[in-house]
Amino acid sequence: MKLIAVVIISTSLLNSSCSWAQTPTPKQKQGMEQQKTNPAFSRTKDDKVEMNEEDWKKVLTPEQYYIARQKGTERPWTSKFEKFDEKGTYYCAACGNTLFQSNTKFDSGCGWPSFFEPVTKKSLIYLQDNTHGMQRTEVQCGRCKAHLGHVFDDGPPPTGLRYCINGVILGFEKK
Ligand SMILES: [Zn+2]
């Protein structure tokens with residue numbers, strides 16, 4: 001269905017303009033800019049990312065910066081991924097690191113995208129978090145140390161874990 005739409009759009013561009021091949025569409029342009037301005041972003045590399053706060057500020061949106069670098073929390077029920085069941089892969093929006101597969105996502109009812117298992121153990125870093133008068137386990141991206149959310153032990157089988165993740169810092173790649 002998507003392919004058909006692309007073909008129709010390409011054909012109509014071809015008919016209306018002969019410079020279509022040289023001029024990127026707004027969507028392509030956006031993708032190119034993201035690659036150019038965020039040197040940390042890669043969907044294939046697994047080397048650790050070390051970047052200072054000023055540089056993170058330049059490449060992340062204000063919401064992403066607040067969550068990833070200042071350990072903020074998005075308002076519940078606001079993520080587009082909260083009620084979202086497409087098949088594919090979720091990755092860190094800050095660096096591209098693969099984090100979760102859609103078949104480990106479940107509807108926790110807690111207001112944030114929830115998963116019961118990361119793609120690999122090395123996908124995440126676990127840290128004790130004693131803020132706000134609670135004892136919780138914070139999860140960060142294993143590649144760039146972006147704050148993602150927390151993991152709780154009230155999840156479904158087979159792991160019994162609930163990774164409660166801020167959708168703002170997730171990217172999604174459809175299968
Ligand atoms: Zn990351």
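No value in this document is a laboratory result; all are computed from the given coordinates. The structure displayed is predicted, hence computed values, not measured ones. All Cβ positions, glycine included, derive from the backbone under ideal geometry; neighbour counts span all protein chains shown.
Table for the structure above
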| quantity | calculated |
| --- | --- |
| Packing-based exposure ordering (other Cβ within 10 Å, fewest first) of 91, 65, 126, 163 | 126, 65, 91, 163 |
| The stretch 40-174: relative contact order as a whole-number percent, Cα under 8 Å and 6+ apart | 28 percent |
| Karplus 3J(HN,Hα) series, Hz, for the stretch 107-124 with 6.51 cos²θ - 1.76 cosθ + 1.60 (x for Gly, Pro) | 8, 7, x, 8, x, 10, x, 10, 9, 9, 7, x, 4, 9, 4, 7, 5, 10 |
| Between the stretch 90-133 and the stretch 150-165, the Cα center-to-center distance that results, in Å | 9 Å |
| Which of 136, 162, 43 has the fewest Cβ neighbours within 10 Å, and the rest in rising order | 43, 136, 162 |
| Point-to-point label distance, residue 152-residue 135, nm (Cα→Cβ direction, 7 Å offset) | 1.7 nm |
